[in-house]
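The values are calculated or read from the model by the stated rules, or taken from the named source; none is laboratory data. Just so we're clear, the structure is a prediction, and the values are computed from it rather than from any experiment. Counting neighbours? That spans all protein chains shown, and the Cβs are built from the backbone with ideal geometry, glycine included. Keep in mind that these areas ignore ligands, DNA and RNA; they rest on the heavy atoms of the full protein, side chains included. Shrake-Rupley method; radii C 1.70, N 1.55, O 1.52, S 1.80 Å.
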Amino acid sequence: MRRKIVAGNWKMNTTPVEGVELAKAVAAGKGEVCPCVDFIVAPPFTHLSEVVKATRGTGIAVSAQNCADEAKGAYTGEVSAAMIASLGVEYVILGHSERRQYYGETSATLNKKMALALANGLRPIYCVGENLAEREAGKHLDVVTAQIEEVVYNLTPEQFANVIVAYEPVWAIGTGKTATAEQAQEIHAHIREVLRKKFGAAAEQTPILYGGSCKPSNAAELFAKPDVDGGLIGGASLVAADFLAIGKGFAK
Ligand code: PGA
């Protein structure tokens, strides 16, 4: 049985003080959610240290939203995977569509980031997803296949065992438009098939999360699908009650 995961991508929101409060509120309400659900919160870099301390012993894991594509050195403004891991952070989101779109991240960059994250013991939450034009042209399966093949296929089986995949259709992120549960299931099953081709039965263990305007009102329907193992939540993760309610999408 795959673990269920509800991960909150806070993006560039909250001050460190607000972030600690938000993390504590999630920790305080976690007992009302099925113990089958693992919660992860992904605050900005500046909050990681304090949020790790605030969530210690609560069962809530912490993720970074990005890491550098170099190990160390003269890369002004970058934060390395080793620095992040040294704080007790367990995960890192890589390849989010906002990073691909606004910061020019390519598969070449992401191969380097994945290798560094894994070498430092971080578990990557690797994001894939098509934009609206690609969806309308019927190319969504091809786009996602390429994003997996160009990056995840370069991993060893040992590395692959630590990867979480997040399917986030770009047209659904922050737009209020959600993929239907059927659309999500179609592409999640496809992603698992693409992973199975390279990694065999290990693909059955890979959590595949849905992201894109996931909220309390649609989470249960999405999570009811066999290949939807949880969610990567943006906007709704900034309100503890909503984030927890999404977790309740998995029946106790
Ligand atoms: P959203 O963002 O839930 O605000 O649509 C999801 C994401 O980008 O991870």
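At a probe radius of 1.4 angstrom, the accessible area of the stretch 4-247 per residue rounds to 41 square angstrom. Applying 0.36 nm per residue to the separation of E186 and Y102 and subtracting their alpha-carbon distance, the gain on full extension is 27.5 nm. Pairs of alpha-carbon atoms within less than 8 angstrom and 6+ residues apart define the contacts here; what relative contact order does the stretch 1-114 have, in percent? Reported as a whole number, the value is 23 percent. When the chymotrypsin sites (Phe, Trp or Tyr not before Pro) in the stretch 6-98 are filtered for DSSP coil states and for at most 16 other beta-carbon atoms within 10 Å of their beta-carbon, the remaining sites are Y75.
Each principal axis of the Cα atoms in the stretch 4-247 has its own extent, and those three values, largest first, are 45, 44, 33 angstrom. With springs only between Cα atoms under 10 Å, which of V79, V228, V62 fluctuates most in a Gaussian network model of the chain? Most flexible of the set in this elastic network: V79.
Near V194, once Lys and Arg are set to +1 and Asp and Glu to -1 for all other residues with Cβ below 11 Å from its Cβ, the sum equals +1. Computed over neighbours whose Cβ is under 9 Å from that of E130, the net charge equals 0, Lys and Arg +1, Asp and Glu -1. Applying the criteria of a DSSP loop state and at most 15 other Cβ atoms within 10 Å to the trypsin sites (Lys or Arg not before Pro) of the stretch 149-211 yields K177.
Rounded to the nearest 0.05, what FRET efficiency do K72 and T46 give with R0 = 25 Å and r taken as the Cβ-Cβ distance? Could you check? Calculated value: 0.80. Structure remark: mean-square fluctuation, Gaussian network model of the chain, C-alpha springs under 10 Å; the largest value among G31, G231, G95 belongs to G31. The GluC sites (Glu not before Pro) of the stretch 1-73 that meet both conditions, a loop assignment by DSSP and at most 16 other Cβ atoms within 10 Å of the site Cβ, are E70.
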